[in-house]
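This report concerns only the one structure given below.
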Amino acid sequence: MKKRKLFFEKIKEKLLSRREELSKQIEAVSNENAFDNQVMDTGDQALSLSMEKIQSSLQDAEIGELKLIDEALERIEKGEYGICIDCEEHISESRLEYYPYAARCILCQEAFEA
């Protein structure tokens, strides 16, 4: 039990570090404009629009990951981390190591995605 608690502390540090990294990336993308106040021809406008769409898509993915991290941190605080939300069995440490915001064990995740 103590070993698992130490493992969860390590995961919590990893989640907090990733959360900080994502927050900085989201802020940087939010403040970034490829063609600020420049005179643009139609080619530049098309490129600018494409870049904005890509940035928006990346930002959406980062926000989604940030939400998963926050949910995992909340489960840690409640003492529910590492327990599958469907079958209530322990989620393997190898799964949590690879995917630290996993809320389901592999079997339940596969059934959820099917």
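Taken together, the residues in the range 66-103 that are in contact (Cβ under 8 Å) with a residue 24 or more places away in the chain and charged (D, E, K, R) amount to 6.
A count restricted to the range 69-111 and to residues that are under 19 Å from the mean Cα position of the chain (by Cα) and farther than 19 Å from residue 15 by Cβ stands at 1. Among the residues of the range 1-23, the ones that are closer than 12 Å to residue 73 by Cβ and of a type in the set (A, V, I, L, M) come to 3 in all. Here residue 59 fulfils each of the conditions (1) at pLDDT 80 or above; (2) surrounded by 13 or more Cβ atoms within 10 Å (Cβ to Cβ); (3) not acidic (Asp, Glu) apart from (1).
The values are calculated or read from the model by the stated rules, or taken from the named source; none is laboratory data. Since this is a predicted model, take the numbers as computed values, not measurements. Virtual Cβ from ideal backbone geometry, glycine too; neighbours counted across all protein chains shown.
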